Amino acid sequence: MTERLQIQNLYKIFSSTLRPALEMLAKGGNKNEVFEKLGAVVGLNNVSLSVPEGAMYMVMGLSGSGKSTLARCINRLNEPSGGKILLDGRDIVPLGEEELREVRRTRISMVFQHFALLPNKRVIENVEFGLKLRGIAPGERRRRAEEVLSVVGLGRWGYHFPHELSGGMRQRVGLARALATDADILIMDEAFSALDPLIRTEMQDELLRLQRTLNKTILFITHDFQEALKLGTRIAIMSDGELVREGTPQSIVLEPGSDYVAAFTREVDRARLFDARSVMRPGEPILQSERGALIGEAGGAGFVLDRDGKVLGTLDAEACGQARAGGEIAAPSGDYVSVPPGAKLLDVARSYRDGRPIAVVDDDGKFMGSLGADDILARISSTTPKPASVGEHHA
Ligand SMILES: Nc1ncnc2c1ncn2[C@@H]1O[C@H](COP(=O)(O)OP(=O)(O)O)[C@@H](O)[C@H]1O
Ligand SMILES: [Mg+2]
């Protein structure tokens, strides 16, 4: 996968004197210490991350952790105090005004929480705005604006005024405006945070749907961990200007790595987050024969696979024992349930029926592993381990 956007050792200090603050950070000082000693506010402290092409990359953290500062540095509404911002491998930090304007116009689009629609202009004119700035001819920009409005489901609203639209619809206009410029990178800063819960869910689903066809590279900023889990292919978690954890949603919930991150993961619905792949086991090869292979699973039964690795059926524990002793695989007789690797545990649990073995099977029908009811239960009931000193009781 190519890296569309890379941030390397990015710093942002809000102060007229940078050097003492940067030196304190380099020596291991943190945001609070720098503020107490120097009165300088640390926005970003040595942030590095890498956004692959086509990613829905989430930046999550509490208010004041530096998320917007990061977005504003990428878009250069904030001047970085140090570090690199690579766009397709080229550092855009040293660029001059003219080149920067070009990058902002053609490569990166922003959607904010409250972006200003021009109140006395019709919706379609608001969507065209960025194209007008780019000097695109009126007919062409009208056509393009109509196209993106229908993409976001507002095809019939182009000739209305902003005040006639609901908050959710206005947010769609913002999205349409960002899409109209055809920039390949979208930065969405708390774009859905001000919406009512129902509308918000609807917009999240809409964005996921759009992304399947648009395939933009999206940097999505949110203070809501649930939103990050739902939308993200990867999540970066920020605290006091630092990036403290980065990974896939499943890996972060599984291994938060710190109390700060663990606190976000406590309320997570694990049955809807974790998939079959995350708990399956490869199984124990019992026997190889003309017929294919016999793979034992945790419950004692075994899967009989053909030469291509496809599941033919199962043998119960007794038949597996006989196969071990006699060196021959009997004709598979047992029933089993098969699930794709990406099936959420909630759905796997629903398909589970009275002790039948569960096989995880890929798109080509090949056996990948198996899992049992215990595996599902262990994963969805697991809470984040606390540090050893907490919660211990001494008799
Ligand atoms: N223009 C500014 N001048 C001084 N401090 C700022 C400025 N912008 C942001 N900050 C500070 O930088 C830190 C990060 O802010 P911000 O990036 O807006 O956080 P978030 O978006 O995660 O809520 C905060 O401590 C904030 O007070
Ligand atoms: Mg912010």
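Calculate, in whole percent, how much of the Cα-Cα pair population of the chain lies beyond 36 Å.
42
Could you calculate the FRET efficiency of ASP259 with ASP205 from 1/(1 + (r/R0)^6), where r is the beta carbon distance between them and R0 is 30 Å, rounded to 0.05?
0.40
So how strong a dipole does segment 276-380 carry about its Cα centre when Lys and Arg Cβ are +1 and Asp and Glu Cβ are -1, to the nearest 20 debye?
That gives segment 276-380 a dipole magnitude of about 260 debye.
Normalise the Debye intensity by I(0) for segment 150-303, one equal point scatterer per Cα, no solvent, then take log10 at q = 0.10, 0.18 Å⁻¹ and round to two decimals.
Result of the Debye calculation: -0.54, -1.12.
Comparing GLY247, GLY83, GLY300, which has the greatest mean-square fluctuation in the GNM of the chain with Cα pairs linked when under 10 Å apart?
GLY300
Please give the calculated 222 nm ellipticity per residue for the chain, where each DSSP H segment of at least 4 residues contributes -39500 (n - 2.57) and the sum is spread over every residue; nearest 500 deg cm²/dmol?
-10500 deg cm²/dmol
About the Cα centre, and with charges only on the beta carbon of Lys, Arg (+1) and Asp, Glu (-1), how big is the dipole of the chain? Nearest 20 debye, please.
The calculated dipole for the chain is roughly 1400 debye.
At what distance in angstrom do the alpha carbon centres of segment 356-371 and segment 229-285 lie from each other?
Each part reduced to its Cα centre gives a spacing of 24 Å.
Restricting the count to DSSP beta bridges whose residues both fall in segment 276-380, what percent are antiparallel, rounded to a multiple of 5?
85
With θ set to phi - 60° and the Karplus curve 6.51 cos²θ - 1.76 cosθ + 1.60, what are the ³J(HN,Hα) couplings of segment 328-345 in order, to the nearest whole Hz, using x for Gly and Pro?
Computed from phi, the couplings for segment 328-345 are 9, 9, 6, 4, x, 10, x, 7, 8, 10, 10, 10, x, x, x, 5, 5, 4 Hz.
Under 13 Å from the Cβ of GLY167, count the other residues' Cβ atoms, weight Lys and Arg +1, Asp and Glu -1, and hand me the total.
Charge balance near GLY167 sits at 0.
Along the charge dipole of segment 276-380, pointing to its positive end and built from +1/-1 on Cβ of Lys, Arg, Asp and Glu, which listed residue (GLY292, THR314, PRO340) has its Cα farthest out?
PRO340
Using a Gaussian network model on the chain with a 10 Å cutoff between Cα atoms, which of ASP354, ASP269, ASP91 fluctuates the most?
Most flexible of the set in this elastic network: ASP354.
Hey, if you put +1 on the Cβ of every Lys and Arg and -1 on every Asp and Glu Cβ in segment 164-310, which of ILE221, GLY232, GLY283 ends up farthest toward the positive end of that dipole?
Checking the options against the dipole of segment 164-310, the answer is GLY283.
Just to be sure I understand the curve: with the Debye formula and one point per C-alpha of segment 276-380, what is log10 I(q)/I(0) at q = 0.14, 0.23 Å⁻¹?
For segment 276-380 at q = 0.14, 0.23 Å⁻¹, log10 I(q)/I(0) is -0.48, -1.20.
With only Lys, Arg, Asp and Glu charged, each at its Cβ (+1 for the first two, -1 for the last two), find how big the charge dipole of segment 174-262 is about the Cα centre; round to the nearest 20 debye.
Charge dipole, segment 174-262, about its Cα centre: 360 debye, nearest 20.
Quick one: PHE14, PHE112, fewest Cβ neighbours within 10 Å first, how do they rank?
With the fewest neighbours first, PHE14, PHE112 line up as PHE14, PHE112.
For segment 154-209, state which trypsin sites (Lys or Arg not before Pro) are in a DSSP loop and have at most 16 other beta carbons lying within 10 Å of their beta carbon.
Answer in residue order: ARG156.
Where in segment 46-69 does the amide nitrogen come within less than 14 Å of the point 7 Å from the Cα of LEU86, taken along Cα to Cβ?
48-53
Counting only pairs 8 or more residues apart or on different chains, how many lysine pairs in the chain have their Cα atoms under 15 Å apart?
8
Evaluate E = 1/(1 + (r/R0)^6) for ASP306 and SER63, where r is the Cβ-Cβ distance and R0 equals 51 Å; express this FRET efficiency to the nearest 0.05.
The pair ASP306/SER63 has a calculated efficiency of 0.35.
Only counting other Cβ atoms within 10 Å, I'd like PHE303, PHE35 sorted with the fewest neighbours first.
Fewest-to-most Cβ neighbours within 10 Å comes out as PHE35, PHE303.
Each value in this text was obtained by applying a stated rule to the coordinates, not by laboratory testing. Just so it is clear, the model here is predicted, and its values are computed rather than measured. As a convention, Cβ positions derive from the backbone with ideal geometry for all residues, glycine included, and neighbour counts pool all protein chains shown.
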